[in-house]
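The values are calculated or read from the model by the stated rules, or taken from the named source; none is laboratory data. Just so you know, these numbers come straight off a predicted model, no measurement behind them. Reconstructed Cβ throughout: ideal geometry from the backbone, glycine too, with neighbour counts over all protein chains shown.
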């Protein structure tokens, strides 16, 4: 059971970064971006190209893929979402679904359907208090912890982070406080793109690289963001851990194939009993 | 006296129709002007348009002779306009300190200054430092209003626009708010204020305009308007009372 809980925690940790990206994008742009799964896939293949095809070590390959995905996300926003911004959340959400299909199939077109893996040196797993852990899991925990810490510093200690929270809180007040919303939106996309890229690489390390790798996590990532409270970074972190651990522990009592039901049940329960999530603010309609 | 704000033939609105139908006004530097009028007369639309939240469809807006048309709200802030909306005038999920920091960082005061409130503002709003760590959404209505004022004043704007600063406040707090408005004005800030509480606001104002149906129905000194026998009909925009 301890082993299962640990595996679940690692799965949850993997989801923290995409859940944080979902919650940041929702906070600032007020729509659920269902293209995040495919964005993770594209970024993971970018890192794969640098790592397995060009022979770069995975760390710099991931860093470059993160920067590239950040810039790509800004471009995607300009072309796809910006022209639709005034039409409301439903239109943007549908556009994100279409964008997800396009991105995932671009990856399929470039690399085919077969599973691939990063070029990582093999390391022997080790045991700690009876729990078996491997190198990839340790990297996942360390990278996610570092990214979460960086996000905490950004959001609470830096002017741009505060501006992002201000725009998420009250966009028109943000304007009369001198905040240039388009600049904040660009930064939000850049940061979300970078988080999704790192998340994509972590998923690729945990499983394998294949076109649906990101979309396979989509429901769990959204469940984590909704459970934590859309728009709440701390909630995204807590929600991802809870969904990861509970999904994994559920395999002790139900068949592993039905594990996907856990995040769906979590979404249903949280929307009925606490729609604002664990850490979110109740929605006030003016 | 110099004119700080000059508005001529201003049209603005939402959707197909105009709410403001040719507004002209001039605000003298260092003065307080109150805008009164019935609900739906365009008072809030006027200040939103001046703040840059709503585009002007026609007409011109000048601050100290410099045209503001075409500038978005954040650029107008840098030109010296501060606006305090009627509701939702603080970032509720951010702490009081974070609200003040944002004002300092983005309204043009520079990011090097460590203190979020200078001495003058600390004297004006002595309660605020005690609440620095509290989320602004947990403050009382009066405290929120004070925080919104303080944020708007961190950069010493040339023009402060207030949209119903006494809305939802008790009579005692209303008096306090108007006292603050007077003190802010004595700091050299010109003030344009939309207010339903006509009598109290006119007592501290120098000038007044009455809006009705998106047009200026009257423009006079606050004292003249206060001295009118039938302020109510005037307040409701009765054109026969035109001055």
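Miscellaneous remarks
- From the options B:55, B:74, residue that is touching a helix residue (DSSP H, G or I) at 6+ places or on another chain (Cβ under 8 Å), within 14 Å of chain A (Cβ to nearest Cβ) and not in a helix (DSSP H, G or I): B:55
- The number of residues in the stretch B:99-142 being in a helix (DSSP H, G or I), free of Cβ contacts under 8 Å to residues at least 24 places away in the same chain and within 14 Å of chain A (Cβ to nearest Cβ) comes to 3.
- Subset of the stretch B:143-157 (residues that are in a loop (DSSP other than H, G, I, E, B) and in contact (Cβ under 8 Å) with a residue 40 or more places away in the chain): B:154, B:155, B:157
- Residues in the stretch A:217-262 that are farther than 12 Å from residue A:8 by Cβ and touching a residue at least 12 places away in the same chain (Cβ under 8 Å): 23 in all.
- Here A:114, A:144 are screened, and the one residue that is exposed (fewer than 12 other Cβ atoms within 10 Å of the Cβ), more than 14 Å from chain B (Cβ to nearest Cβ) and out of contact with any strand residue (DSSP E or B) (no Cβ under 8 Å at 6 or more places or on another chain) is A:114.
- Residue list for the stretch A:54-66, restricted to those being surrounded by 14 or more Cβ atoms within 10 Å (Cβ to Cβ) and either assigned to a helix (DSSP H, G or I) or touching a strand residue (DSSP E or B) at 6+ places or on another chain (Cβ under 7 Å) (or both): A:58, A:61, A:62, A:63, A:64, A:65, A:66
- Selected residue (only one of A:236, A:255, A:208 is more than 14 Å from chain B (Cβ to nearest Cβ) and in contact with a strand residue (DSSP E or B) (Cβ under 8 Å, 6 or more places away or on another chain)): A:208
- Matching residues in the stretch B:172-199 - criterion: being closer than 19 Å to residue B:224 by Cβ and either surrounded by fewer than 17 Cβ atoms within 10 Å (Cβ to Cβ) or without any contact (Cβ under 8 Å) to a residue 12 or more places away in the chain (or both): B:199
- Taking the numbered list (1) under 16 Å from the mean Cα position of the chain (by Cα); (2) outside any helix (DSSP H, G or I) in turn, residue A:113 passes all entries but (1).
This table checks each residue for (1) within 14 Å of chain A (Cβ to nearest Cβ); (2) within 20 Å of residue A:184 (Cα to Cα); (3) not in a helix (DSSP H, G or I).
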| residue | (1), (2), (3) |
| --- | --- |
| B:25 | no, no, yes |
| B:62 | no, no, yes |
| B:78 | yes, yes, no |
| B:86 | yes, no, yes |
| B:91 | yes, yes, yes |
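- Residue A:174 being buried (at least 24 other Cβ atoms within 10 Å of the Cβ) and within 14 Å of another protein chain (Cβ to nearest Cβ): yes
- The lone exception for residue B:79 - which of (1) without any contact (Cβ under 8 Å) to a residue 12 or more places away in the chain; (2) out of contact with any helix residue (DSSP H, G or I) (no Cβ under 7 Å at 6 or more places or on another chain) it fails: (1)
- Of all residues making up the stretch A:158-171, the number that are touching a residue at least 12 places away in the same chain (Cβ under 8 Å) and either outside any helix (DSSP H, G or I) or facing another protein chain (nearest Cβ under 10 Å) (or both): 6
- Qualifying residue in the stretch A:186-204 (condition: part of a helix (DSSP H, G or I), at pLDDT 95 or above and within 14 Å of chain B (Cβ to nearest Cβ)): yes
- Residue B:146 vs. criteria crowded, with 22+ Cβ neighbours inside 10 Å and within 14 Å of chain A (Cβ to nearest Cβ): no
- In the condition set (1) part of a strand (DSSP E or B); (2) away from chain A (no Cβ under 14 Å), residue B:69 is compliant with all but (1).
- Residues (out of contact with any helix residue (DSSP H, G or I) (no Cβ under 9 Å at 6 or more places or on another chain), at negative phi and in a loop (DSSP other than H, G, I, E, B)) located in the stretch B:33-52: B:39, B:41
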